[in-house]
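We did not get these values from a lab; they are worked out from the coordinates using the rules stated. All figures in this text were calculated on a predicted structure; none of them were measured in a lab. Every residue, glycine among them, receives a Cβ derived from its backbone with ideal geometry; neighbour counts consider all protein chains shown.
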Amino acid sequence: MIGQYVRMVADPRRMGTVKAARFDKDHALFLFQQDPRIEWTFPDVWLEDSELEVCARPEDEQVAGINDLTTRND
């Protein structure tokens, strides 16, 4: 999963890449780094695989729409 483009299941506006993995007893954790094009910032965070879903990297126009919606909803 390292290097793949993903989105957070709980908030699909949170998209980025998996930068690293670590294993904690029975499960793996993945370091999520948000796409820098998304203006609503979010710190890097360790998440379980069930909290992430692989997706296609959005085009710049799609990111602009996400940024616009986020600005209007916050």
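Got a number for residues in the range 1-43 being assigned to a loop (DSSP other than H, G, I, E, B), under 14 Å from Gln62 (Cα atoms) and free of Cβ contacts under 8 Å to residues at least 40 places away in the same chain?
7
In a loop (DSSP other than H, G, I, E, B), surrounded by 13 or more Cβ atoms within 10 Å (Cβ to Cβ) and either touching a residue at least 40 places away in the same chain (Cβ under 8 Å) or out of contact with any Lys or Arg (no Cβ under 9 Å at 6 or more places or on another chain) (or both): is that true of Arg57 in this structure? Spelling it out, Arg57 is indeed in a loop (DSSP other than H, G, I, E, B), surrounded by 13 or more Cβ atoms within 10 Å (Cβ to Cβ) and either touching a residue at least 40 places away in the same chain (Cβ under 8 Å) or out of contact with any Lys or Arg (no Cβ under 9 Å at 6 or more places or on another chain) (or both). For the range 6-29, the candidate set comprises residues that are more than 25 Å from Asn67 (Cα to Cα) and under 14 Å from the mean Cα position of the chain (by Cα); within that set, the residue that is surrounded by the fewest Cβ atoms within 10 Å (Cβ to Cβ) is Ala20. Filtered by the rule that a residue be among the polar types (S, T, N, Q) and within 18 Å of Val9 (Cβ to Cβ), the range 32-69 gives Gln33, Gln34, Ser50.
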